[in-house]
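Remarks on the structure that follows.
The values are calculated or read from the model by the stated rules, or taken from the named source; none is laboratory data. In this text, all values refer to a predicted model and were calculated from it rather than measured experimentally. Every residue, glycine among them, receives a Cβ derived from its backbone with ideal geometry; neighbour counts consider all protein chains shown. SASA here: full protein model, heavy atoms, side chains in, ligands and nucleic acids out. Shrake-Rupley method; radii C 1.70, N 1.55, O 1.52, S 1.80 Å.
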Number of protein chains: 2
Amino acid sequence: MRRKVYVSGSRPDIQVPFAEVGLTDGSTPVRLYDTSGPGVFDHLPRVDWVADRRLHGAPVTQLGCARAGIITPEMEYVALREGVTPELVRDEIAAGRAVLPANVNHPEIEPMIIGKAFLVKVNANIGTSAVTSDVAEEVEKLTWATRWGADTVMDLSTGPRIHETREAIMRNSAVPIGTVPIYQALEKVKGDPLKLTWEIYRETIIEQAEQGVDYMTVHAGVLLRYVPLAADRVTGIVSRGGSIMAAWCLAKHRENFLYTNFEELCEIFARYDITFSLGDGLRPGSIADANDEAQFGELRTLGELTEIAWRHDVQVMVEGPGHVPMHKIKENVDLQQEVCHEAPFYTLGPLTTDIAPAYDHITSAIGAAMIAMYGTAMLCYVTPKEHLGLPDRNDVKAGVIAYKIAAHAADLAKGHPGAQAWDDALSKARFEFRWEDQFDLSLDPETARSYHDETLPAPAAKTA
Amino acid sequence: MRRKVYVSGSRPDIQVPFAEVGLTDGSTPVRLYDTSGPGVFDHLPRVDWVADRRLHGAPVTQLGCARAGIITPEMEYVALREGVTPELVRDEIAAGRAVLPANVNHPEIEPMIIGKAFLVKVNANIGTSAVTSDVAEEVEKLTWATRWGADTVMDLSTGPRIHETREAIMRNSAVPIGTVPIYQALEKVKGDPLKLTWEIYRETIIEQAEQGVDYMTVHAGVLLRYVPLAADRVTGIVSRGGSIMAAWCLAKHRENFLYTNFEELCEIFARYDITFSLGDGLRPGSIADANDEAQFGELRTLGELTEIAWRHDVQVMVEGPGHVPMHKIKENVDLQQEVCHEAPFYTLGPLTTDIAPAYDHITSAIGAAMIAMYGTAMLCYVTPKEHLGLPDRNDVKAGVIAYKIAAHAADLAKGHPGAQAWDDALSKARFEFRWEDQFDLSLDPETARSYHDETLPAPAAKTA
C-alpha cells in the first residue's frame with residue numbers, strides 16, 4: 001500500500017512529503033521521493049520564509065544565503081528530501097555546483113535541488129500552442145507530469161493566452177516552473193524576430209518574474225560569430241530560441257542583445273532569485289552534428305556567462321544537447337563541467353540515434369541515463385511525439401516514466417546513498433512472489449498490475 | 001517508398017535482401033538490412049550449398065570451413081549483407097570471434113552473422129506455454145518479430161505441442177532459430193528435474209537437431225560447486241535452465257550432466273553445425289546480485305567449454321546477464337571476452353534498474369545499448385511484459401523496436417561502416433521537411449506517420 005507521509009524539519013512549517021510503501025512481509029516501509037504536490041494549495045509556509053529573510057536583511061537568492069553561510073528553510077527541506085545534511089546542500093549551492101530554483105513569488109513550491117551530488121532530476125515540457133490546448137488542459141498536464149515524477153516543468157506555451165496559462169500553472173505547481181521568455185517576447189512582436197528588442201524582452205521577463213517563474217532559458221551564448229559555424233551542418237540550428245537569436249544577429253549584424261545586456265538581466269534575476277538555464281541555442285539536431293565547433297564554442301561562452309551571473313549571486317544551470325551518439329556523450333559532460341566551473345548540466349536527452357521517430361523517448365533515455373551517470377544533474381524529457389507532433393497525456397506519461405528510469409539508473413550507477421534500497425525491496429518482493437508489494441514499489445503500479453492481471457487475473461495467483 | 005531488393009553474389013543463387021528506401025529529393029536510395037524473410041519458402045538454394053560441401057568432403061561446420069580457408073556461400077551472403085569482405089567474415093569465424101548459426105537441416109535460412117566486428121544483432125523470444133498460445137499464433141509471432149527486425153528468434157515453447165510448434169517455426173523461418181532443449185527434456189519427465197538424465201537430454205537435442213534448430217542454449221557451466229554461491233543472493237537463481245540444473249546437481253550431489261557429457265554434446269552439434277549458446281544459468285536476477293562470484297565463476301567455466309567446443313569445430317557464443325547497474329556493465333564484457341577468448345557475447349538486456357516492471361524494455365534497452373557498445377554481439381530482447389506475463393503481439397513489437405534502437409545506437413558508437421548513413425538520411429529529410437522520406441526511413445514508419453497525422457493530418461502539412 002502506498003500513502004503520503006510528511007517528515008518534519010527543525011521547525012513545524014518544514015513538512016517534506018514522501019510516498020511511503022508499506023510491505024506485506026512486515027519489513028520496514030520504503031519511502032520514495034514524492035513530486036505529486038499537495039493537491040490543494042491552502043497553506044504556504046514559504047511566504048513566511050521569504051518575508052523573514054527580507055525582514056532580517058538576508059540575501060535574496062539561495063546562492064547569496066549559501067555564500068553567507070545561511071541554511072535557509074528551503075535548504076533544510078531539500079536536505080530532508082534527499083537524505084543528506086543541510087550543510088552539504090548549502091555548500092553545493094555556495095560552490096555553484098547545485099541550484100535550488102525558487103522564485104520569491106512562487107510560494108507554492110516544494111523546494112528541490114538540482115546538482116550532481118543529489119538525485120538526478122527530470123523536467124517535463126508542457127504548454128499551449130496556437131493550434132491546440134487550453135489553460136485547464138495544461139494545468140492537468142502539469143499535475144499529471146508531477147504525479148509520475150517530473151521534478152520541474154517547463155511551460156513552453158505560445159499562442160494567445162500565454163500569461164493566463166502561466167498564471168494558472170504557477171498557482172497550481174509544487175515544482176519549479178521554467179520558461180523560455182523569448183517565445184512570449186516573439187508573440188509580442190507578432191512573430192517577427194527582427195522586431196525583437198532588449199526592452200520588449202526585459203518587460204517580458206519582469207512580467208514572468210512577477211508571476212513566480214523559477215528558472216528561465218536564456219539563449220545569450222548564441223554569438224554572431226558562432227552562427228556561420230552552423231551553416232554546413234546536416235540540420236543547421238534546431239533550437240527554436242537559438243534560431244530566433246541567430247536570425248536577429250545575422251539580419252542586424254549585431255551581437256545578441258541577451259549577451260550585451262547580460263549584466264542587467266542578472267540584476268533582474270537577482271531580485272526574484274530566478275535561476276538561469278543558459279540555453280544551448282546551437283545544440284546539435286542530429287547525430288551528424290554532435291560535438292561540433294558551433295556547439296562547443298557556444299558552451300565556452302556559457303561558461304563566461306556563468307561567472308558573470310555568479311558575481312550577482314544568481315544561480316545558474318547550463319543546458320546541453322540534444323542528439324549525441326553514445327561514444328561522444330562523456331565529452332559533453334566533461335567539457336561542460338570544465339568550462340562552466342561545475343555549474344549543473346541540464347540536457348535534453350540526448351538522443352543516441354535518429355532512426356526511430358515515435359520512439360525518441362527510448363532513443364534518448366539511453367543517452368539520458370549515460371549523460372546523467374557522467375554527472376548531468378537534470379534531464380529534460382523527450383516524449384514519443386518528439387519531431388512529430390504535440391504530446392498528449394499518454395505521451396507526457398511515457399516521457400516522464402522513461403526519464404525516471406534513466407535518472408534512477410544513473411543514481412544507482414553513481415552510488416547515490418539509498419538509491420539501491422528501492423531496487424532491492426522490489427527485487428526481494430519479486431523473488432518472494434509478493435505481487436502486491438512488487439506493484440506498489442513500481443514506478444507505475446497501475447500498468448504493472450494490469451499487465452500481470454491480463455495473463456493471471458486470479459487474486460490467488462498474486463500471492464502464490 | 002520502401003521496396004525489397006536483392007543483391008546478387010558471385011553465383012546466381014546468392015540473393016541478399018535489402019529494404020530499399022527511395023527518396024523524394026532524387027538522392028541515392030538508402031538500403032537497409034532486411035530480416036523480414038521471403039514470405040514463401042519455395043526456393044531453397046542452401047539445400048545445394050550443404051549438399052555440395054558434403055559431396056566435396058568439406059567440413060560440416062562454418063567454423064571448420066573457415067579454418068580450412070573456405071569461403072562458403074553462407075559467408076559470402078553474410079559479407080554482402082554486412083557490406084564487408086568475405087575474407088573478414090571467414091577470418092572472424094575462424095578465430096571464433098563470430099558465429100554463423102545455420103543448422104544443415106535449416107535450408108530456409110537467410111544467413112546472418114553474430115560477432116563484434118559486425119552489426120549488433122537482436123534476438124526475440126517466442127513460444128507456447130501450458131496455458132496459452134497455439135502453433136499458428138507462434139508462427140505469426142515469428143513473422144511479426146522478424147518484420148520489425150529480429151535477427152534470430154528463440155522458440156521457448158513449453159506445454160504439450162513443443163515438437164509440432166517448433167517444426168512449424170523452423171519451416172517458416174528465414175532467421176536462425178534457437179532453443180533451450182532442457183525445457184523439452186523436462187516436459188518428457190513430467191516436469192521433475194530429478195528424473196532428468198543425459199540420455200533423455202541427448203535424445204531431445206537430436207530430435208531438435210534433425211528439425212534444424214540453429215543454436216541451443218546449454219547450461220553446462222552450472223557446476224555443483226557454484227550453486228551454494230547463489231544462496232545468499234537477493235534473488236537466488238532466476239534462470240529457468242539454471243535452476244533446473246542446480247536442483248538436479250544439489251539433489252543428486254553429482255556434477256551437472258551437461259558438463260560431464262560436454263564432449264559428446266560437441267560431437268552431436270558438429271554433425272549438424274549447431275552453434276552453442278553457452279547459458280548463464282547463474283546470471284543475476286537483480287541489481288543487487290550483479291557481477292557476483294556465482295556469475296563470474298560460471299563464466300570462467302563457460303570459457304573452458306568454449307575451447308572444448310572449438311576443438312570439435314563447433315561454433316560458440318556465450319550468454320550474459322540479466323540485471324546490471326550501468327557502472328558494472330563494462331566489466332561483464334571485458335571479463336567475458338578475456339575468459340571466453342573473444343567468443344561472441346549474447347546478453348539479455350541487461351536491465352539497469354529493477355524499479356520499473358512494465359517498462360523493462362526501456363530499463364534494459366539502456367543496458368543493452370551500452371553492453372553492445374562495449375562489444376556484445378547479440379542482444380536478447382526484453383518486452384514490457386517481462387516479470388509480469390506472456391508477451392502478446394504488441395509486446396513483441398515494442399521489445400524488438402527498443403532493441404533495434406539499442407543495437408543501432410551501439411553500431412553508431414562503434415563506428416560500424418555505413419551505420420550513420422541511415423541517421424544522416426533521416427536527419428536531412430527531417431531538416432528539409434520531407435515528411436514522407438522521414439517516415440519511410442523510420443524504424444517504424446507506420447507509427448511515425450500516425451503520430452504525425454494525429455496533430456497535422458493534411459497532406460500539405462507533410463510537404464510543407
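Straight Cα distances below 19 angstrom link B:Lys252 to the aspartates and glutamates B:Asp192, B:Glu199, with same-chain residues fewer than 8 positions distant left out. When the charge dipole of the stretch A:38-156 is built from unit charges on Cβ atoms (+1 for Lys and Arg, -1 for Asp and Glu) and taken about the Cα centre, the candidate among A:Gly127, A:Ile109, A:Phe41 whose Cα reaches farthest toward its positive end is A:Ile109. A label point on A:Ser450, set 7 Å along the Cα-to-Cβ line, lies at 1.6 nm from each of its counterparts in the other copies, closest listed first. Charging the Cβ of each Asp and Glu at -1 and of each Lys and Arg at +1, and nothing else, the dipole of chain A about its Cα centre rounds to 100 debye.
Amide H to amide H, with H built 1.01 Å from N, B:Ala220 comes under 5 Å of B:Gly279, counting only residues 5 or more places away or on other chains.
Positive-end ranking of A:Ala448, A:Trp435, A:Pro391 along the dipole of the stretch A:327-454, with charges on Cβ about the Cα centre, is headed by A:Pro391. Ordering A:Ile371, A:Val30, A:Ile274 by the projection of their Cα atoms onto the charge dipole of chain A, which places +1 on the Cβ of Lys and Arg and -1 on the Cβ of Asp and Glu, puts A:Ile371 at the extreme positive end. Here the scattering of the stretch A:355-419 is modelled by Debye summation over its C-alpha atoms, one equal scatterer each and no solvent; at q = 0.13, 0.19, 0.21 Å⁻¹ the log10 of I(q)/I(0) is -0.34, -0.66, -0.76.
Only Cα pairs under 8 Å and at least 6 apart count here; give the relative contact order of the stretch A:280-366 as a rounded whole percent.
Working: 128 pairs, mean separation 26.7, N = 87.
This gives 31 percent for the stretch A:280-366.
A straight line joining the Cα centroids of the stretch A:173-220 and the stretch B:366-415 runs 41 Å.
Considering every residue in A:286-292, what mean count of other chain Cβ atoms within 10 Å of its Cβ is obtained?
That works out to 4 on average.
Which pairs break 22 Å Cα to Cα here: B:Lys330/B:Lys404; A:Lys141/A:Lys195; A:Lys328/B:Lys330; A:Lys414/B:Lys328? Don't skip to the answer; put the middle values down first.
On the way: B:Lys330/B:Lys404 20 Å; A:Lys141/A:Lys195 33 Å; A:Lys328/B:Lys330 17 Å; A:Lys414/B:Lys328 11 Å.
Exceeds cut-off: A:Lys141/A:Lys195.
Considering only the Cα atoms of the stretch B:309-426, their convex hull presents on average a projected area of 8.9 nm². Partner shielding of B:372-382 amounts to 1, given as the average count of beta-carbon atoms from other chains within 10 Å of each residue beta-carbon.
Between the alpha-carbon centres of the stretch B:13-53 and the stretch B:302-354 there is a gap of 31 Å.
In what sequence, highest mean first, do B:190-202, B:352-364 appear when ranked by Cβ atoms within 10 angstrom?
On the way: B:190-202: 14.2, B:352-364: 29.2.
The most tightly packed comes first, giving B:352-364, B:190-202.
Measuring r between the beta carbons of A:Thr260 and A:Glu164 and using R0 = 35 Å, the FRET efficiency lands at 0.65. Residues whose amide H lies under 5 Å from that of A:Ala98, counting only those 5 or more places away or on a different chain, are A:Ile93; hydrogens are built 1.01 Å from N in the peptide plane. Label-point distances for A:Ala421 to the equivalent site in the other copies, using a point 7 angstrom along Cα→C-beta, read 5.4 nm when ranked shortest first. Using a 1.4 angstrom probe on protein heavy atoms only, the contact between B and A buries about 5300 square angstrom of accessible area, both sides summed. Note on B:Leu55 and A:Asp52: their simple-model spin labels are 9.3 nm apart, each label 7 Å out from Cα toward Cβ. Of the chymotrypsin sites (Phe, Trp or Tyr not before Pro) found in the stretch B:1-110, the ones in coil according to DSSP and having at most 16 other Cβ atoms within 10 Å of their Cβ are B:Phe41.
In percent, how large is the relative contact order of the stretch A:371-447, given Cα pairs closer than 8 Å and 6 or more residues apart? Provide the component values of the computation, followed by the final result.
Working: 47 pairs, mean separation 18.0, N = 77.
Answer for the stretch A:371-447 is 23 percent.
For A:Val122, the residues whose amide H sits under 5 Å from its own are A:Asp151, A:Thr152, A:Leu379, ignoring neighbours fewer than 5 places away on the same chain, with H placed 1.01 Å from N.
Computed from point charges on the beta carbon alone (+1 for Lys and Arg, -1 for Asp and Glu), the dipole magnitude for the protein assembly as shown about its Cα centre is near 60 Debye. Position B:His253: other-copy label points at 9.3 nm, ordered by increasing distance, label point 7 Å along Cα→C-beta.
Overall, the anisotropy analysis places the stretch A:15-167 in the oblate class: the square-rooted eigenvalues a ≥ b ≥ c of its C-alpha gyration tensor yield a/c not less than 1.5, with a/b not exceeding b/c. Per-residue accessible area (protein heavy atoms, 1.4 Å probe) orders B:Val7, B:Val189 as B:Val7, B:Val189, starting from the largest.
Using the Cβ-Cβ distance between B:Ile200 and B:His253 with R0 set to 22 Å, the FRET efficiency works out to roughly 0.65. Averaged over the residues of peptide B:383-390, the number of Cβ atoms from other protein chains lying within 10 Å of each residue's Cβ is 5.
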